[in-house]
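Novice: Have a look at the structure that comes next, please.
Read the figures in this text as sums done on the coordinates, not as results from a lab. If you're wondering where the values come from, they're calculated on a predicted model, not measured in any experiment. No Cβ is skipped: glycine too gets one built from the backbone with ideal geometry, and neighbour counts run over all protein chains shown.
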Amino acid sequence: MEEKDISQNDDLVCDNGEELITKHWTFPLTRPHTGILFGNGTMGVMVYGEGNTLKVCIGRSDVWDHNGGVDWGNQTFERICEVLEKKDEEALKKLFPPSEKGPTIISIGRVEFDFPENYILRDGELDLRSGIGDVLFELPERQTEDLSMFNSVKKNIFCIKFNTQGVKGRSVSAWDSIQDKLKPRGFKAAKKKDAKNKRFGGWYQALPNDPGYYCGWEISENQILISVEVDDSKKSAEEKVKENFAKFDFNSELKKLIKFWEEKCKLLPYIYMPDESLMQLYNYGMYKYIIATSMSKVACGLQGPWIEDYQLPPWASDYHFNINVQMCYWPAYQSGLLDSLLPVFNMLKQWKPRLRFNAKKFIGIKDGYMLPHAVDDLGKCMGNFWTGMLDHGCTMWMATMMYRYFDYSNDVAFMKSNGYDFMKGAFNVFYAMLKEEDDGYLSLPFGVSPEFGGASMNAYGKNPSFQLAVAHRLTKDLVASAKALGEEPDPRWLKLIEKLPKACIFNHPNGSKQIGLWEGKNLDVSHRHHSHLGAIAPFDVIDCEDPAWRKIVNDSITNWIYWGQSMWTGWCITWASMLHTHMGNGDMSAMFLKMFNDVFTNEGGGTLHDTFAAGISLFGMSVLPDEAEKEKFAKRGEIMQLDGGMGAVAAIFEMLVMEKNDVIHIFRGYPKKWAKGGFENVMSKHGIRIGALRDYYNCVAVTINTPKHEIPEIKIANPFNDKSKNVVVVCPLNDTKIFNGVADVLTLKLEPNTSYYIVQR
């Protein structure tokens, strides 16, 4: 049999394929979030500007003002249930009194550089496989001059290389822009240290409750350096910045950057689709994921390291665990960048004493972990949002991510030292919340579906589908973990699988049965959280093709579509794409991703939480806004939030390779009208790498490369259109056939560190 090399099939590469790994900008860029992004996970930079002024907005993902937050008191599950049972709103308010302040990441500021007056900013570009950017100035008589820039991989230094004379800089601290927000938090004015010649400068900002920071910059003959550091017991922030400048070696740092990207690119999947906008969405999203997560020990929050200078970050750029953090990390798995997950898992490990304390206070057990839905970098609850404490799905969701990491990586050491313990602790809290009914079935007396109803007295109910689904996902993962570690499963796990419903079924007046939010409550408004459908995706505990569920799922999705997207945000658009992929509706999978790219990103490719297109969504803007509303919304709409863009990357992966009920599906979310396409090196269950080729509307070949460790038997859905023809699975190394026949699902036992090739005859 002739082996095909899909990597050499030029017909399948989109036009200008090489251009798709280069992102372009056109100046003027008037807001940070529209600019060119650089970073190393800890330090983040946004480059923008207009005229002859280049602006560099600097952020740090680890500079917090730990002011306020909620300590766990008498907000026990028993007491909350008692209050909700009585519908005693006043008692609920006393349990969760409002707070004026809470912890927040702090905006740093920006540095502005004035080039000669006849220099006009024209174009910018960024190599998405090296992290090197360029900005082009237009000069008189159609001449041009460019400068290059990059962020150091490990050091908190941003470098701009240029050949122009007469460049001058100035500091614009966060205090200069938002002192009205900082004063109430106890801040005092930043101390400026700009030189009169405007060749170097910076500012020191003291924090009321935390170590201060210094942001410094200097202009030498042909380069600009910018750095921001934090005080510690050994060195002041200013000393560390000056040391960074003194030790900076351009060629050495550039070599480190190139080496880093060369190593990452070896791991990255290669995708080619006949839609350049989605290709760009994938490539830019993958770039942002890498620089947000893969260079730093700091876990990625809502905005990563990119903090705008003109406002305190929305939602404090905290850790939201009711989908946002999870979505930020979704690309890790199928990209194969599994190590990028370790900072967030290590952060949870450091929080274990606090999470154990939370569980003891909340439910009265000593062997549990409880994570509120919004916390700061110390794990402290951000506010008095009572539903966020009742939503234990947040903890269980992070626990399931740990198992998926283990399933992909075979990192037994991690599972033994952190993952398995955290998973069991999350389960223990949820199980303690359950009640055994007279018929022997288990139920959750009171729970929530994320953010439905806000914090009102209408925001809760019995057996919320979201928490039931994630509980089943976690319990299934616990059973698999025990088997992998050679342990016996806890009998409570098996009881939950048997006795807890996978979803709450709502009996609709029209006679249909639908997945409801909770008992007696169906989706009856447009809502940005698709959480009640979590059993379908991402938790995958309901088989859409199962006759017992097929009509229920169909009617549930129909109702979801009926209520529409008027209150949807950017990140839930990409989640919707994944839901359609799980249902095999590739046309809608791609449509939602194109919608996200078209109306939930700004002119620079930055992800928007809200859209300016009120005809798509009404979230944040009326259909006929006045000028004042437009101006206000322009700022709110520029929230530098990562989750939607990362969700888009994950949704593209799932269009190509997805897991459903322990079966791997190829091209399940691929639009029917796309005749060609392909991919290489996408990771799936057990760490296997998959490639596939599509031509003339049909999958024509699949490649599988197994990891070095032993893997269990895998199942792959027949990827070919004609299910009546033989499918042949061959090991090309020795031309050994391991499968030859007709089947809807291929059950394969694969050897470690071996390549396989699947075709149809």
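Novice: For D146, what residues show an amide H to amide H distance below 5 Å, using hydrogens built from the backbone and excluding near sequence neighbours?
Specialist: Residues meeting the criterion, in which the H sits 1.01 Å from N, are F137.
Novice: Along the stretch 644-658, what does the Karplus equation 6.51 cos²θ - 1.76 cosθ + 1.60 (θ = phi - 60°) give for ³J(HN,Hα), rounded to whole Hz, x for Gly and Pro?
Specialist: x, x, 6, x, 5, 4, 4, 5, 5, 4, 5, 4, 9, 9, 9
Novice: Based on Cα coordinates alone, diagonalise the gyration tensor for the chain, multiply each eigenvalue by 5, take square roots, and list the semi-axes in whole Å, largest first.
Specialist: Numbers: eigenvalues 344, 239, 118 Å².
Value: 41, 35, 24 Å, ordered largest first.
Novice: To the nearest 20 Debye, how big is the dipole of the chain about its Cα centre, given +1 on the beta carbon of each Lys and Arg and -1 on that of each Asp and Glu? Working shown, then result.
Specialist: Numbers: 87 positive and 97 negative charges, 325 e Å.
Value, rounded to 20: 1560 debye.
Novice: Exceeding 24 Å between C-alpha atoms, which entries from my cross-link table qualify? They are K155/K234; K55/K181; K23/K181; K264/K288; K55/K191; K94/K183.
Specialist: K23/K181; K94/K183
Novice: Out of the stretch 90-134, which trypsin sites (Lys or Arg not before Pro) are coil in DSSP terms and have no more than 15 other C-beta atoms within 10 Å?
Specialist: Values: sites: K93, K94, K101, R110, R122, R129; in loops: K101, R129.
Answer by residue number: K101.
Novice: Counting only C-alpha contacts under 8 Å and six or more residues apart, can you give the relative contact order of the stretch 440-525 as a whole percent?
Specialist: On the way: 122 pairs, mean separation 26.8, N = 86.
It rounds to 31 percent for the stretch 440-525.
Novice: With charges set only on the Cβ (+1 for Lys and Arg, -1 for Asp and Glu), what does the dipole of the stretch 343-558 come to about its Cα centre, in debye to the nearest 20? Don't jump to the answer; show the numbers that get you there.
Specialist: Values: 25 positive and 24 negative charges, 113 e Å.
In debye, rounded to 20, the stretch 343-558 gives about 540.
Novice: Another question, if that's okay. Sort 68-75, 34-41 by the packing proxy (mean of other Cβ within 10 Å over each peptide's residues), most packed first. Before the final figure, lay out each step's value.
Specialist: Details: 68-75: 15.5, 34-41: 24.5.
Those peptides, ordered most packed to least, come out 34-41, 68-75.
Novice: Ok, one more. Once you treat every alpha carbon in the stretch 343-558 as an equal point and sum by Debye, what is log10 I(q)/I(0) at q = 0.10, 0.14, 0.15, 0.19 Å⁻¹?
Specialist: Relative scattering, expressed as log10 I(q)/I(0), comes to -0.43, -0.86, -0.98, -1.49.
Novice: Next question. Taking θ = phi - 60°, what integer Hz values does the Karplus form 6.51 cos²θ - 1.76 cosθ + 1.60 yield along the stretch 707-724, in sequence order, with x for Gly and Pro?
Specialist: Running phi through 6.51 cos²θ - 1.76 cosθ + 1.60 with θ = phi - 60° gives x, 6, 8, 5, 10, x, 4, 10, 10, 10, 5, 3, x, 8, 5, 8, 7, 8 Hz.
Novice: Once phi is turned into ³J(HN,Hα) by the Karplus curve 6.51 cos²θ - 1.76 cosθ + 1.60 with θ = phi - 60°, what whole-Hz value does each residue of the stretch 280-288 show in order, with x for glycine and proline?
Specialist: 5, 4, 5, 5, 5, x, 5, 4, 5
Novice: Rank the residues L371, L302 as a footprinting-exposure proxy: fewest other Cβ atoms within 10 Å of their Cβ go first. Present the calculation step by step, with values, prior to reporting the outcome.
Specialist: Working: L371 31, L302 23.
Lowest to highest Cβ neighbour count: L302, L371.
Novice: Suppose only helical runs count, i.e. DSSP H with n ≥ 4. What mean residue ellipticity at 222 nm does that imply for the chain under -39500 (n - 2.57) per run, divided by all residues and rounded to the nearest 500 deg cm²/dmol?
Specialist: Values: 20 runs with 238 residues, N = 761.
Taken over the chain, the calculation gives -9500 deg cm²/dmol.
Novice: Still on this model: Which value, in debye to the nearest 20, describes the size of the charge dipole of the stretch 262-347 about its Cα centre when Lys and Arg Cβ atoms bear +1, Asp and Glu Cβ atoms bear -1, and nothing else is charged?
Specialist: Numbers: 4 positive and 8 negative charges, 47 e Å.
Computed charge dipole of the stretch 262-347: roughly 220 debye.
Novice: Once a ≥ b ≥ c are taken as the square roots of the eigenvalues of the Cα gyration tensor of the stretch 211-370, is the result rounded (a/c under 1.5), prolate (a/b larger than b/c) or oblate (a/b not larger than b/c)?
Specialist: Values: a/c = 2.03, a/b = 1.18, b/c = 1.73.
Verdict is oblate for the stretch 211-370.
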